[in-house]
1. With the cut-off at 1.5 for a/c, could you classify the range 119-244 from its C-alpha gyration tensor as rounded, prolate or oblate?
2. Under the rule of at least 5 residues apart or a separate chain, name every residue whose amide H is placed under 5 Å from the amide H of Ala71.
3. Taking Cα pairs under 8 Å and at least six residues apart, what relative contact order does the range 1-108 come out at, in percent?
4. Quick check of the Kirkwood formula: for the range 72-136, what is the inverse mean of 1/r over all pairs of different Cα atoms, in Å?
5. Compute the whole-percent fraction of alpha carbon pairs in the range 1-108 spaced more than 21 Å apart.
6. Only four residue types carry charge here, +1 at the Cβ of Lys and Arg and -1 at the Cβ of Asp and Glu. Report the dipole size of the chain about the Cα centre in Debye, rounded to the nearest 20.
7. Farthest toward the dipole's positive end in the chain, which of Gly26, Ala118, Trp138, given Cβ charges of +1 (Lys, Arg) and -1 (Asp, Glu) about the Cα centre?
8. As I understand it, the value is the acute angle between the Cα axis of helix 141-156 and the longest principal axis of the Cα atoms of the chain; what does it come to in degrees, rounded to 10?
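FYI, it's all coordinate maths here, none of it is from the lab. Since this is a predicted model, take the numbers as computed values, not measurements. Reconstructed Cβ throughout: ideal geometry from the backbone, glycine too, with neighbour counts over all protein chains shown.
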Amino acid sequence: MHLSNEIQRRLDKLNSNVKLASTIDGTFPGRYSFYGKPGRSFRTEFAFTENDFSIVLFERTEKQNYENCFARGLFTDLERLAVVIDLWVDKQKNISAIKSEFDELELYSDFEHKNPNADIDKAWTKVKNMFFNNTRFWKWAEWNERYLEMLNKAKRHKAFECYFPFTSHYWLRFSIDKDIKETWKLGTYIVPVMYSDEVPASLGKFYVSYNDTGEGGRFFETVIEALDFYADKLKEIKPVRWVF
């Protein structure tokens, strides 16, 4: 199945004004589909099989340097998927109203806990939003749960309440300032363990890296143990001022 062609055909049947984006060579991508204009947008691709489709609904704005997510979901019916795209992008329907018609969707929700510093709170929202913005969320359900647990507990942890969080490669890291000009080195981070033949589940559920060479890091069974250890390491290691 050519995914973009099939979705566009169904959008046209709905008399939708949505015209899907093409790749740099001017052709529709066959394995995924997206919308390239500012404002409300989406990204979708095949999921488990070619009869399953994942989608993220988001909004692009000039003021933000990331995509503001509203919902994501898994569909098994291309007709329903096309209707969601039309309602979100073309008809500009409220996301809660769309969700009421489509149980396949999961709405994005911000943290319950608020940081008293508005800029730090926005940085946490950005981290969670970027984590949510992933069409392959269905592949790692258990890992996703541990990642959310890590974010929720880290935001409430006293040791990090004055730091600005950010991520790279899903590694949770911290900055002294909101412009990320003074941070700990790239090899200093915390992340849920992604298991493999080389990294079995028996090692632990969370990993703290604190040394680019030598020891490297440690595994922990609970997120609290990992966060406490991470907090201690941030006290021991001097951050780097990258821009003077």
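1. It is oblate, given that a/c is not under 1.5 and a/b is not larger than b/c.
2. Leu57, Tyr108
3. 22 percent
4. 13.6 Å
5. Result for the distance tail: 29 percent.
6. For the chain, the charge dipole is close to 740 debye.
7. Ala118
8. 50 degrees
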